[in-house]
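Worksheet for the structure shown next.
The values are calculated or read from the model by the stated rules, or taken from the named source; none is laboratory data. Everything numeric in this text was worked out from a predicted model, so none of it was measured. Here the Cβ positions follow ideal geometry from the backbone for every residue, glycine too, while neighbour counts run over all protein chains shown. Side chains included, ligands, DNA and RNA excluded: accessible areas come from the protein's heavy atoms. Shrake-Rupley method; radii C 1.70, N 1.55, O 1.52, S 1.80 Å.
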Amino acid sequence: MANVHVVVPAGAHQTLTHYQPEGDSGVAYRIEVGEGARCDFFVLLWGGQVTTFSVELVLRGEGSSVFLKGLYSLKDKQKVDVVVVQRHEAVDTRSEVVMKGILFDEAKAVFKGTIAVDRSARGTHAELYNKNLVLSERAAAMSMPRLEVQADAVHCKHGSAVGNLADEQLFYLNLRGLSDILAKNMLIESFAGEVLAVVPEAGIMNQWRKFFLL
Amino acid sequence: MMRSPITKTPKGLDRSVVLHIAEQKNEPGWMIDFRLRALEIFERMPLPTWGADLSGLPLHDLHYYLKPIEKVERSWDDVPGDIKNTFERLGIPQAERAHLAGVGAQYESEVVYKSLQSFWAAKGVVFVDTTTGMHEHADLFKRYFATVIPPHDNKFAALNSAVWSGGSFVYVPAGVHIDLPLQAYFRINDANMGQFERTLIIAEPGSSVHYVEGCSAPAYTSSSLHSAVVELVALEGSKIQYTTIQNWSTNIYNLVTKRAVAYRNATVAWIDGNFGSKVTMKYPAVILKEPGAKAEIISIAVAGAGQHQDAGGKVIHLAPNTSSTIVSKSISKDGGRSSYRGLLKVVRGAKKVRSRVQCDALMMDDASRSDTYPTVDSAEGAVDLGHEASVSKLDDHHLFYLMSRGLQAEAARAMVINGFIEPLVRQLPMEYAVEINRLIALEMEGSIG
């Protein structure tokens, strides 16, 4: 299990990426963001039989912010366990976490997210979203987004969803002449696109397509 | 009913207490065995540590059964001023105040008053206390009793199973619709008393019933325990709505297990208002057992100084084409803590399940705390499940808008808060809705916010 500790100094803007295209792995990140600093973190997990990923985002400095966009894509009997903690310890801090999952076959995903806001962290703006696209009947997703808020002048939200492709959307594309496979691929890609399109590494989209599209 | 010179059992719980309760009620052998087995389970199980802090619960220091026989002399002058003031503000009728304050006749652990209009009785509706139900409708009672919540479900279900007393037994025959809500009242009047009512509601196919319970209790210094069990059986095509407004005084531990089973095309709605108690742990649940079943859970919790409301809802989808909604609204103020804890579970094979969970929390100041602990657990892909939650304080823009139209700050706050809890209040019978609005106004007075 690898431990990675990142400190983003005051005023800095750091972009981090974590790509896990194959192999089992366990990694735990702790990212501390200083005053007025910003961290963008892109996380892609796929390929491992059992993957554990955890990240603690600590908004330590006033006015600091963190934006995390992640995607886990699983096939066969792969499993992933993701833990994200957004810890707001200072005034006027902001964190936005979007963690999406795509599950095929008999894959299983467990997501545990926590937004924890200290009493002193007034002006916090925190969001956490976990959306799981489950593409087969035997896949399973468990999502536990938690909120623990001790300051009042805050805006905190979270949401989670589990579902498969919308029938109306497939129908619309069929009507325009697209086959089922093409239509599904298009919708799956657009779901993943929210994360993949903004990942800074070129070619990731192509790599991912090779693995996952039908 | 047998009379006994013992008015209450000594403090603490053992076989003799359980046997005394069974003897008082002249219970059949199977119920005595059930209670004794439950006592063993209770003694074996540890206290849950995942929820609110139960370390202050004085389990060995409670009286577990109390039977009213004499009036207890207590004078109206002894009733604390703030309690009298609360009655005034809530508009409680004069006749009820003495009763609520514990002046006059006592009503411990026995259901004293239920009235069922003869009109409904003629249709075969049964609405009696649980002990009467056990004696007079034995087959029906035994068929469903403890089938929704067995004693080993959790430590407090085991406790209730061992020492239950009071509660309602409701049976609605097929096709019968009860328009007026059935109501019940509970009282805790003596220091160190426990309250363990057990309610069972059976709705036959195509029937509907709305049951309302509203509790209130005067304040005492030593902790008390309220550990009820409510089981609902909604057979095919029936509808059961169960509304609770809880305003226990702030020394009471309110640890309740409520669960319903909904069969084909049946609907169960839990409307849960938690305003009082020191600690509440309550997660009304619905098991959607057959296709077409629906669950609706609306929960509101207001936590003030020294309170922890740990409430929420659970829905378990066991069949395809079932749907559910959970709406939870909570307000924390003056250092109170309010937590939403919920479960949305879908088993494999339960296709075309739709569910929405929405939890919103209002924090009135930064001494308070708000938590959300939801779990979405799906083993089936062909579903549509969504959960969202938010925590914030009163929007300054909303307040400014209202104040610029001439409302005072407090009236503006009360209006915004009433709008916040409207999904719940809309479902209540009118007299409860009025009481809730007044209660909110009372609670919000003087809060910063």
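Values for this structure:
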item	result
Label zone at residue A:6, where the point sits 7 Å out along the Cα-to-Cβ direction: region A:33-60 residues whose backbone N lies under 18 Å	A:33-46, A:52-60
Cut-off 17 Å (backbone N to label point 7 Å along Cα→Cβ of residue A:180), residues of region A:136-163	A:136-138
Per-selection Kirkwood Rh - region A:1-119 (Cα, Å, 1 d.p.)	14.5
Accessible area (Å², 1.4 Å probe, nearest 10) - residue B:210	30
³J(HN,Hα), Karplus 6.51/-1.76/1.60, whole Hz, each residue of region A:53-66, x for Gly, Pro	9, 9, 9, 10, 9, 10, 8, 8, x, 4, x, 7, 8, 9
Residue A:138 - accessible surface, heavy atoms, 1.4 Å probe, Å² rounded to 10	120
List B:63, A:155, ordered by accessible area with a 1.4 Å probe, largest first	A:155, B:63
Stretchable slack from residue B:47 to residue B:358, in nm (0.36 nm times residue separation minus alpha-carbon distance)	109.0 nm
Candidates A:183, A:116, A:139: whichever shows maximal mean-square fluctuation once chain A is modelled as a Gaussian network with Cα springs under 10 Å	A:183
Area hidden from solvent between A and B (accessible, protein heavy atoms only, 1.4 Å, total, Å²)	2600
Segments B:365-374, A:75-84 sorted - mean Cβ within 10 Å per residue, highest first	B:365-374, A:75-84
For residue A:164, residues with placed amide H under 5 Å, excluding near neighbours	A:134, B:383
Restraint check, B:155/B:393; B:25/B:294; A:79/A:210; B:8/B:314, Cα-Cα greater than 27 Å	B:155/B:393; B:25/B:294; B:8/B:314
Computed label-point distance, nm, for sites residue A:155 and residue A:28 using a 7 Å Cα→Cβ extension	3.4
Additional length obtainable on full extension of the chain from residue B:305 to residue B:430, 0.36 nm per residue less Cα span	42.2 nm
Cα-centred dipole magnitude for region B:312-449, charges only on beta-carbon of K, R (+1) and D, E (-1), debye, nearest 20	680
Residues with amide H under 5 Å from that of residue A:43, placed H, sequence gap 5 or more	A:18, A:69, A:70, A:71
Local electrostatic count at residue B:352 - Lys and Arg +1, Asp and Glu -1, tallied over other residues with Cβ under 11 Å	-1
Set of lysines with alpha-carbon distance to residue A:77 below 16 Å, sequence-local pairs under 8 removed	A:108
Mean accessible surface per residue for the protein assembly as shown, computed with a 1.4 Å probe while every protein chain stays in place, in Å²	39
Principal axis dimensions, largest first and in whole angstrom, of region B:222-347 by Cα	46, 21, 20
Solvent-accessible area, 1.4 Å probe, carbon plus sulfur percent, for chain A	51
Under 5 Å, built H, 5+ apart or other chain: amide partners of residue B:371	A:149, B:338, B:339, B:340
Relative contact order, percent, region A:86-131 [alpha-carbon distance under 8 Å, six or more residues apart]	61
